[in-house]
């Protein structure tokens, strides 16, 4: 009856009512304010941690039976670990690491065990003349600090070797070589150039944030849609609605209205947090003083990426919300939704996990495949776009398949909704779904 | 004839809900759609509204298939009462009228007038959940008529109303009928149907049992009815049923109704009663009541669920011998 029941204006009228009904509710307002506060706290957390950590000095001891060697190692490690940020007055800047020579291995080991030291660097010269450096630490073996100490070991070795050269040797001053990593799978900027490490790190961070937000939005706001439909059935107002509007109008209006309410809350929560993240460096400098910035977390974010995220958010939410609405029409009470929604939540979880795998660079072919297959594609393709260079045709294919899936699901969900809203007092089950899906065919 | 139900058949799985149901509803009157629970009344109304599709047959209004008509042709008061609990009364009246295409400012004005008419103007700004069931029912009725539908379908509209609200609703029926609208309602309450309906359709197990003008149906009964009251007998004596020519006796507080066998003469029955010493204070040859007519045609009262289909989605219950 599409000609008898055009989508508008009724879908719009229903969407407006659903939107107002939700955003005017005290629970909505309270949850929005609370979540906004939590998001702001999370965004400000790195500054807070740095603030609390600003007076902390990490002690590292160097132990060597060769006093001269120990002094060289202290000097090198100190210069590598304590690099003053640009714009900071070195005279007033407090070094975060204190590297000092220790008397004996056992004493330093005991101090490490007591937590008084964060690491002990054992430096000895072997009979062959080669240096043997061991770094004992309470941190992870592949942490940044361990890597820096590794650099210090190499530099100490070079200094030690040059110290043995004859005084007549004509050498230019030692220059640290420039070093960078270029991955062929690194995302590129608009000009096709690989992103720098800071931008790449920002993309990985944002990828996790976006995928988590998408997952949470789909689960939470999808359940809003399902609960809204079930509540209409349980209050029996559905009996009035089905004579006033077509199932297509009701389904579309509900998804649009509740989706818009969800999007409003989503923006209210995320925009202030994003603003804080964007200006995190400036806030850090204002609170902690110059030299405390560690790079803006949003440096990798571009308008195109934001648009891509918006597209996958809307398409992904639309797809899941339609299924949630059809599902909500099959229960007589909102309480029954928990059980029925589990399979749908599992689908979202699979997409989420595949996306996390994609963000860490794993998964290979099947992750690439999942980035084209709805309902996983909103998560996985979003993750791929954030951390790798995705060819435009792959992106277009993924969005096209997602749009086609939404068109098909709209037809099937409308039929299921039309059948489901008239079923009262029956236990929801696979049979009911299959019967409705058959009628849809 | 304006609304034509033409050989409409509907199955729910193995259950035959409507079996080639056929009857006509005249335009501009009050029409009673009578049957026990599960007889197929709600299913018929839902097919009229296009909520569900018939397996066979067609329903036409003014010659046009109902599927081709705009939704605002119809107003619907469902049997299951429900409003948005947290939404204001006036807001939801305007909302429903808007869905039917009514301009919001017109709907608002009309809604306020009807709330006033139904003696609940103070509830306009209140949430629906704050209203009593009876008042919620009145709000639902307003929601069904606010867009001025040509045909108003009502499923058990009098259920749950107190006597005062019953009178208010009946007056509204009359007013809408006088405006030329067609009112169709289902009910168990035969007194209400008898008081309001010019025509009725009586259905049982998805089939039409009888239909047409109420007066004609009563006259076509072929049996004669006597209303009698005897002094000194409260209730009426049991021996009335033993009189030759009396088929059935319905006793009530005021006396009794005697259903005579075909060919039995009221005068002869009166003579027998007088001969048995009965002091007759009231004797009247009457048309059968709608309730009596229903029982005669269907074999059981309308509020007797035996032999019904149950709700539309449930399988049919085994039929009980109506005799």
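Note on segment B:135-252: enclosed strands (runs of 3 or more DSSP E) holding 1 or more residues that are surrounded by 18 or more Cβ atoms within 10 Å (Cβ to Cβ) and under 14 Å from the mean Cα position of the chain (by Cα) are B:151-155, B:182-187, B:199-204, B:207-213. In the set (1) over 27 Å from the mean Cα position of the chain (by Cα); (2) touching a residue at least 12 places away in the same chain (Cβ under 8 Å); (3) loosely packed, with under 15 Cβ neighbours inside 10 Å, the condition left unmet by residue B:90 is number (3). Every residue in segment B:71-85 that is more than 7 Å from chain A (Cβ to nearest Cβ) and not in a helix (DSSP H, G or I), please. B:75, B:77, B:79 - these are the residues of segment B:71-85 that are more than 7 Å from chain A (Cβ to nearest Cβ) and not in a helix (DSSP H, G or I).
Among the residues of segment B:215-236, which ones are out of contact with any strand residue (DSSP E or B) (no Cβ under 7 Å at 6 or more places or on another chain) and touching a residue at least 40 places away in the same chain (Cβ under 8 Å)?
B:215, B:218, B:219, B:221, B:222, B:232, B:233
The condition of being more than 14 Å from chain B (Cβ to nearest Cβ), touching a helix residue (DSSP H, G or I) at 6+ places or on another chain (Cβ under 7 Å) and at pLDDT 90 or above holds for only one of A:33, A:62, that being A:62. Scanning segment B:34-51 turns up one or more residues that are more than 15 Å from the chain's Cα centre (by Cα), within 14 Å of chain A (Cβ to nearest Cβ) and on the phi > 0 side of the Ramachandran plot.
Name the residues in segment B:157-188 that are on the phi > 0 side of the Ramachandran plot and at pLDDT below 90, would you?
So in segment B:157-188, the residues on the phi > 0 side of the Ramachandran plot come out as B:160, B:180.
Once the filter is applied, which keeps residues that are on the phi > 0 side of the Ramachandran plot and at pLDDT below 90, segment B:157-188 yields only B:160.
Look at residue A:419 and say whether it is modelled with pLDDT of 85 or more and either part of a helix (DSSP H, G or I) or within 30 Å of residue A:239 (Cβ to Cβ) (or both).
Values: modelled with pLDDT of 85 or more: no; either part of a helix (DSSP H, G or I) or within 30 Å of residue A:239 (Cβ to Cβ) (or both): yes.
Here the answer is no, as residue A:419 does not meet what is asked.
For residue B:66, the stated conditions do not hold, so it cannot be described as more than 8 Å from chain A (Cβ to nearest Cβ), modelled with pLDDT of 90 or more and either surrounded by 23 or more Cβ atoms within 10 Å (Cβ to Cβ) or in contact with a helix residue (DSSP H, G or I) (Cβ under 9 Å, 6 or more places away or on another chain) (or both). Among the residues of segment B:48-63, those that are crowded, with 16+ Cβ neighbours inside 10 Å and either part of a strand (DSSP E or B) or out of contact with any helix residue (DSSP H, G or I) (no Cβ under 7 Å at 6 or more places or on another chain) (or both) comprise B:57, B:59, B:60, B:61. When residue A:25 is tested against the conditions (1) within 14 Å of another protein chain (Cβ to nearest Cβ); (2) closer than 22 Å to residue A:264 by Cβ; (3) in contact (Cβ under 8 Å) with a residue 60 or more places away in the chain, the lone failure is (3).
Annotation note: of A:260, A:230, A:286, A:311, the sole residue that is part of a helix (DSSP H, G or I), free of Cβ contacts under 8 Å to residues at least 40 places away in the same chain and either within 14 Å of another protein chain (Cβ to nearest Cβ) or surrounded by fewer than 21 Cβ atoms within 10 Å (Cβ to Cβ) (or both) is A:286. Looking across segment A:271-307, the residues that are within 30 Å of residue A:251 (Cβ to Cβ) and at pLDDT below 85 come down to A:306, A:307. I'd like to know if segment A:235-244 contains one or more residues that are on the phi > 0 side of the Ramachandran plot and either part of a helix (DSSP H, G or I) or within 13 Å of another protein chain (Cβ to nearest Cβ) (or both). Scanning segment A:235-244 turns up at least one residue that is on the phi > 0 side of the Ramachandran plot and either part of a helix (DSSP H, G or I) or within 13 Å of another protein chain (Cβ to nearest Cβ) (or both).
Go through segment A:102-130 and give me each residue that's buried (at least 17 other Cβ atoms within 10 Å of the Cβ) and in contact with a strand residue (DSSP E or B) (Cβ under 6 Å, 6 or more places away or on another chain). Steps first, please.
Within segment A:102-130, the first condition is being buried (at least 17 other Cβ atoms within 10 Å of the Cβ), and the residues that meet it are A:102, A:105, A:108-109, A:112, A:117-123.
A:102, A:105, A:108, A:112, A:117, A:118, A:119, A:120, A:121, A:122, A:123, listed by residue number.
Scanning segment B:99-134 for residues that are within 14 Å of another protein chain (Cβ to nearest Cβ) and part of a helix (DSSP H, G or I) yields B:99, B:104, B:107, B:128, B:129, B:133.
Condition check for residue B:45 on (1) crowded, with 21+ Cβ neighbours inside 10 Å; (2) more than 27 Å from residue A:11 (Cα to Cα): one failure, at (2). Just to be sure before I move on: is residue B:323 at pLDDT 75 or above, part of a loop (DSSP other than H, G, I, E, B) and more than 30 Å from residue A:419 (Cβ to Cβ) in the structure I sent? No; evaluated as a whole, the condition is false for this residue.
The values are calculated or read from the model by the stated rules, or taken from the named source; none is laboratory data. Since the structure is predicted, the reported quantities are computational estimates derived from the model, not experimental observations. When we count neighbours, we look across all protein chains shown, and the Cβ atoms used for this are built from the backbone with ideal geometry, even at glycine.
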